[in-house]
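Please read through the structure below; I'll follow up with questions.
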């Protein structure tokens, strides 16, 4: 297991600079009043492909040797990692192969293809995905970029918190959603050195609370097929992200589906930004646990904004 | 008729600085490709009360003498001007009286009240509104701040284009929606001095194209009760805004209801911001008239983001 360092994060930021946006911070007097603390929202939904995952993906893609770059990259994902890796590969002009379940939403497939990603469909099962991916990896020689359990990816995600601290001049806490733990790990990596007094809080759906239970149990617990509207947070922790979660995360809080949807709508209404349900979990837990945040300067990472606008969860 | 000057705009910017946001610019590689030009979106939907109208309102409110300020301000509006004027008055701690038709959406009334505005309801007719407003004005002594036909308001709206030019380093064209013409007039006021080579283009719904027809005819034409989804653009030009439109606007283009909704959804999807239908008319006309914009640096003013999230026009 190779654990990325603070210097890896600094090198990543240098490397990906031309390929990402230094995303702005949004604030709302209304939400501050409502939450009883000072909230800063880092708008990673404003990245060109709509999610923070372009940071880790670009770090992996632009760190490849010329020889490896010719063969490109490969991954399995039906979410933002697939489109962000395709986007980064397109910017370097190298192939990106993506294994996706044939049941994945058409809009996700369209986005991957818009960025030049080549999709190979598999059945919606772990065994089919693994077999299909092994075949594609062997055929193409593409470098496997895991969605989160990869030191290059974690170092890339860590660049978000570096900008966050520079832009806000310091925060008491940073709250990010937790699924596989890539963003949370990058946040821990950066803040442990840059701002060790800043607490890292993870926010998770009650209905996919494997990280919460892992955190309390002291070892990784993986669930089989959890269901939540926060569909970016379905995947389990892996060894590398567990390292950061178990060593650096201060607390994990959970929120119900209703609380997540309410927080999502609040942000759309008062910050006037489009963000995913997964990105609403941090505000949901802040509103649910006001005592933990009262009077603090709280940073929230808005992880992504790729939403099916025809299917909004508050409209039946 | 008092025509505001460039110096009035500069003074307004100084005066309102602490009360408004210097709103960010959003860009999208995808929309640039689609439009065939370089688009810069100035996010006035990110003002705290959600619309550019806070600029003109704050300029009027913070320019009042102490004696007048005690009596407060008054207006008639069922839209963003009412909430923005209430917001500005709340920040100065003075009364704001608003005459609104009793049929106005509950959400609009709630917003005005959240900012401390006092609502007096009238019947949804011009005669009732005028009679009710005359009574309120006489009773309270509140200074009448017209939604757009007021030199203080136009000077305030002009501050947006000053920031826009500073933030982008220059634009070939600025496109803004036109209703009563307050934002367009402010844009003309500022750019005529600051960047006389930058063309000012107005965008209007086909179904409320009174400004277009006025522009072609050479005199103000006012429609009776036009209907469009772009409900911020229903009102007619008045003498002061006609002065700027007739002297400085380069062209007015119109777009259909479908084109407006399509452009609105495109912005939500690719810029990931929440904006009103009225704010989508500029992109709609840019996509409809590609030859007029090809290869240019085009600034679009995103005028507001107060949307009923339960009633989106593309969801039936």
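Read-outs: derived from the displayed coordinates by stated rules, not from any lab. What you see is a predicted model, and the numbers here were worked out from it, not measured in a lab. Methodologically, a virtual Cβ is constructed for each residue, glycine included, from the backbone with ideal geometry; neighbour enumeration extends over all protein chains shown.
Can you give the average number of partner chain beta-carbon atoms within 10 Å of each beta-carbon in peptide B:268-278, as a whole number? Display every interim value, and only then the final one.
Working: counts 6, 8, 4, 6, 14, 9, 9, 2, 1, 0, 0.
Mean partner shielding for this stretch: 5.
Between residue A:92 and residue B:224, how many nm apart are label points set 7 Å from Cα along the C-beta direction?
6.8
Using a 10 Å cut-off around each Cβ, can you sort A:90, B:1, B:275 from fewest to most neighbouring Cβ atoms?
Working: A:90 17, B:1 9, B:275 27.
So the residues, fewest neighbours to most, are B:1, A:90, B:275.
Also, quick follow-up: Which whole number in µm²/s is D for the range A:186-227 by Stokes-Einstein, with the Kirkwood Rh taken over Cα pairs at 10 °C and 1.306 mPa s?
On the way: Rh = 11.9 Å.
Rounded to a whole number, D works out at 133 µm²/s.
Per residue and in cubic angstrom, what volume does the convex hull of the Cα atoms of the range A:94-193 have? Numbers along the way, then the final one.
Working: hull volume 13.6 nm³, N = 100.
Per residue, the Cα convex hull of the range A:94-193 comes to 136 Å³.
Let me ask something additional. Compute the separation of the alpha-carbon centres of the range A:34-59 and the range A:189-204 and state it in Å as a whole number.
A separation of 16 Å, based on Cα centres.
What is the packing order of peptides B:234-241, B:133-140, A:156-163, taking the mean over residues of other C-beta atoms within 10 Å and listing the highest first?
Values: B:234-241: 21.4, B:133-140: 14.8, A:156-163: 28.1.
Output ranking for B:234-241, B:133-140, A:156-163: A:156-163, B:234-241, B:133-140.
Pull out a ≥ b ≥ c, the square roots of the eigenvalues of the alpha-carbon gyration tensor of the range A:188-266, then state rounded if a/c is under 1.5, prolate if not and a/b is larger than b/c, and oblate in the remaining case.
Working: a/c = 2.32, a/b = 1.32, b/c = 1.76.
Judged from the Cα gyration tensor, the range A:188-266 comes out oblate (a/c at least 1.5, b/c at or above a/b).
Looking only at the range B:151-174, which residues have a backbone nitrogen under 20 Å from a spot 7 Å from the Cα of residue B:197 in the C-beta direction?
Within reach of a label on residue B:197: B:161-174.
With an 8 Å Cα cut-off and a minimum separation of 6 or more residues, compute the relative contact order for chain B in percent.
Values: 671 pairs, mean separation 70.1, N = 316.
Once normalised by length, the contact order is 22 percent.
Let me ask something additional. When DSSP beta bridges are limited to those with both residues in the protein assembly as shown, what percentage is antiparallel, rounded to the nearest 5?
About 10 percent, rounded to the nearest 5.
Still on this structure: Please compute the average number of Cβ atoms from other chains found within 10 Å of each residue's Cβ in peptide A:22-33. Don't jump to the answer; show the numbers that get you there.
Details: counts 0, 1, 6, 1, 4, 3, 2, 3, 3, 0, 0, 0.
Mean number of neighbouring Cβ atoms from other chains: 2.
Starting from 0.36 nm per residue, how many nanometres of slack lie between residue B:110 and residue B:309 once their C-alpha separation is accounted for? Each step should come with its number before you reach the end.
On the way: separation 199, 0.36 × 199 = 71.64 nm, distance 1.49 nm.
Difference between extended and current length: 70.1 nm.
Still on this model: What spacing in nm lies between the two simple spin-label points modelled at residue B:265 and residue B:217, each 7 Å away from Cα in the Cβ direction?
So the two model labels end up 3.5 nm from each other.
In addition: How many nm is it between the label spots at residue B:139 and residue A:70, if each spot is 7 Å from the Cα in line with the beta carbon?
Between residue B:139 and residue A:70, the label points sit 8.3 nm apart.
Also, quick follow-up: Determine the calculated [θ] at 222 nm for chain B from helices alone, applying -39500 (n - 2.57) to every DSSP H run no shorter than 4 residues and normalising by the residue count; nearest 500 deg cm²/dmol.
-14000 deg cm²/dmol
Sticking with this structure for a sec: Ranking request for peptides B:120-132, A:107-119, B:278-290, A:175-187: highest mean number of other beta-carbon atoms within 10 Å first, then the rest in descending order.
On the way: B:120-132: 14.7, A:107-119: 17.7, B:278-290: 25.5, A:175-187: 30.5.
Result, highest mean first: A:175-187, B:278-290, A:107-119, B:120-132.
Next question, about the same structure. Between copies, how far does the label point of residue B:139 sit from its twins, in nm, shortest first, when each point is 7 Å from Cα along Cα→Cβ?
7.7
Nearest 5 is fine: what % of DSSP beta bridges in the range A:23-137 come out antiparallel, could you say?
Numbers: 2 of 11 bridges.
Taking every DSSP beta bridge with both residues in the range A:23-137, the antiparallel ones total about 20 percent.
Quick check: from the Cα gyration tensor, does the range B:161-316 come out rounded (a/c under 1.5), prolate or oblate?
Details: a/c = 1.72, a/b = 1.15, b/c = 1.50.
It comes out oblate by the Cα gyration axes.
Using a label point 7 Å beyond Cα on the Cα-Cβ vector, give me the inter-copy distances for residue B:114 in nanometres, one decimal, shortest first.
3.0
In addition: Taking every DSSP beta bridge with both residues inside chain A, roughly what % is antiparallel (nearest 5)?
Values: 3 of 33 bridges.
Around 10 percent antiparallel, to the nearest 5.
Moving on to the next point. Translational diffusion coefficient, Stokes-Einstein: compute it for the protein assembly as shown using the Kirkwood radius over C-alpha pairs as Rh, at 25 °C and 0.890 mPa s, and state it as an integer in µm² s⁻¹.
Working: Rh = 25.7 Å.
Translational diffusion coefficient: 96 µm²/s.
What shape does the range A:54-144 take by its C-alpha gyration tensor, where a ≥ b ≥ c are the square roots of the eigenvalues and a/c under 1.5 counts as rounded, a/b above b/c as prolate, and the rest as oblate?
Values: a/c = 2.12, a/b = 1.33, b/c = 1.59.
Oblate, because a/c is 1.5 or more while a/b does not exceed b/c.
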